[in-house]
Amino acid sequence: MNEAIQIFLTLQNYDIRFNELEQKSKNISKSIADLEMNIIQWDRKIAQEKEEVQNIKLEIQKLEKKVQTTEETLAASKYQLALTRHSKESGILTKKIEDEWLKMSQKEELLLGKMLELDTKETEFSTLLQTAQSAILKIQNEQKDQRQHITDLEKNKSEIQNKIMAIRNILQENHAHWLKYYDRIQGIKMPRIAELRSDNICGGCYLKLSNYNNQRVDSNFPFIICEFCGRMIVITAELSTT
Ligand SMILES: [Zn+2]
């Protein structure tokens, strides 16, 4: 096969390899970002649960204050009752004490309920915290591995890039026209250089070339351009003689 074609095919192989590495690198970056999102979700969950615990604690504080106020009112009423001599006033105070007592026991019951709720919530929270911490640690380790993977890929990419540059320099010197064309068809899905298949079929788009014979370039440089997809078509020595 023509040496220039060999060089072009080598360039194409490196370009394909480079694109693959770049794609891999992108995918891993996305995966790292997804993992970061996971950590954020865990953090949110922790914050949310923590807030719930905090809210119950606040409710408990409020209830404790209410119980205390009621206790004080109750004590004051009892004191007043001890001092009063009038039976009518005594009756009113006794009723008030009963009411306050009832209120207090209701509040104490509420308080007890809240305390139990807090207990449950705190247990749940500490379980969540443990689960989250080990999950986050696992995610962070995974991210670390992936970052290392990206570093390796980048190194590999720069090595390939150097090879690509060297090959391009050679082609630029001797086959600038075709190199320019190769770059112009960048948007075409790889391979940009395809082989001519039997029966004049383009190896890239699998359509039959109608004017294959008219398009033939000299045998020193047997590329032709597919009239359908624009790919550079290699005519191997064997095929070009048929
Ligand atoms: Zn084609």
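Just so you know, all these numbers are worked out from the coordinates, no wet-lab data involved. These numbers were taken from a predicted model, which means no experiment stands behind them. We place every Cβ from the backbone using ideal geometry, glycine too, and count neighbours over all the protein chains shown.
Using a 10 Å cut-off around each Cβ, can you sort Leu112, Leu209, Leu118 from fewest to most neighbouring Cβ atoms?
Values: Leu112 11, Leu209 21, Leu118 18.
Arranged by neighbour count, lowest to highest, Leu112, Leu209, Leu118 become Leu112, Leu118, Leu209.
Within the range 122-152, list the residues whose amide N lies under 20 Å from a label point set 7 Å along Cα→Cβ of Lys30.
Under cut-off, by backbone N: 142-152.
How big is the range 3-174 by the Kirkwood estimate over distinct Cα pairs, in Å? List each step's numbers first, then the result.
Values: mean 1/r = 0.0432 Å⁻¹.
Value: 23.1 Å, from the Cα pair sum.
Taking amide H positions as placed in the peptide plane 1.01 Å from N, state which residues far from Ile225 in sequence (5 or more) or on other chains have amide H under 5 Å from it.
Long-range HN contacts for Ile225: Ile233.
Would you mind pulling out the separation of the Cα centroids of the range 20-41 and the range 101-174, in Å?
12 Å
Suppose only helical runs count, i.e. DSSP H with n ≥ 4. What mean residue ellipticity at 222 nm does that imply for the chain under -39500 (n - 2.57) per run, divided by all residues and rounded to the nearest 500 deg cm²/dmol? Can you show the working numbers first?
Working: 5 runs with 187 residues, N = 242.
The helix contribution divided over the chain gives -28500 deg cm²/dmol.
Which loop-located trypsin sites (Lys or Arg not before Pro) does the range 168-202 contain, where loop means any DSSP state but H, G, I, E or B and the Cβ has at most 16 other Cβ atoms within 10 Å? Before the final figure, lay out the partial values.
Values: sites: Arg168, Lys180, Arg184, Lys189, Arg192, Arg197; in loops: Lys189, Arg192.
The qualifying sites are Lys189.
Could you rank the peptides 101-108, 144-151 by their average count of other C-beta atoms within 10 Å per residue, with the highest value first? Mind showing how you got there, number by number?
Values: 101-108: 14.8, 144-151: 13.2.
By packing density, highest mean first, the sequence is 101-108, 144-151.
In the structure displayed, which of Lys45/Lys66; Lys65/Lys95; Lys144/Lys189; Lys45/Lys65 lie more than 27 Å apart, Cα to Cα? Kindly include the intermediate steps, with their values, before the conclusion.
On the way: Lys45/Lys66 32 Å; Lys65/Lys95 23 Å; Lys144/Lys189 33 Å; Lys45/Lys65 30 Å.
Lys45/Lys66; Lys144/Lys189; Lys45/Lys65, as the Cα separations exceed 27 Å there.
Considering only Ile39, Ile201, Ile139, give the residue with the highest GNM mean-square fluctuation for the chain, with springs between Cα atoms whenever their separation is below 10 Å.
Sorting by GNM fluctuation, first place goes to Ile201.
Along the charge dipole of the range 3-174, which of Gly113, Trp101, Gln161 sits closest to the positive end, that is, farthest toward it, with unit charges on the beta carbon of Lys, Arg, Asp and Glu (+1, +1, -1, -1)?
Selected residue: Trp101.
Choose one answer from Lys62, Lys30, Lys50: the residue with the largest mean-square fluctuation in a GNM of the chain with alpha-carbon springs under 10 Å.
Residue with maximal mean-square fluctuation among Lys62, Lys30, Lys50: Lys62.
Placing unit charges on C-beta atoms (Lys and Arg positive, Asp and Glu negative, everything else neutral), compute the dipole magnitude of the range 3-174 about its Cα centre in debye, rounded to 20. Display every interim value, and only then the final one.
Working: 27 positive and 30 negative charges, 101 e Å.
With Lys and Arg at +1 and Asp and Glu at -1, about 480 debye.
How much net charge surrounds Arg17 when only other residues with a Cβ under 13 Å from its Cβ are counted (Lys, Arg +1; Asp, Glu -1)? Walk me through the numbers before you get to the answer.
Working: positive: Lys24, Lys157, Lys163; negative: Asp15, Glu20, Glu22, Glu159.
Combined, the nearby Lys, Arg, Asp and Glu give -1.
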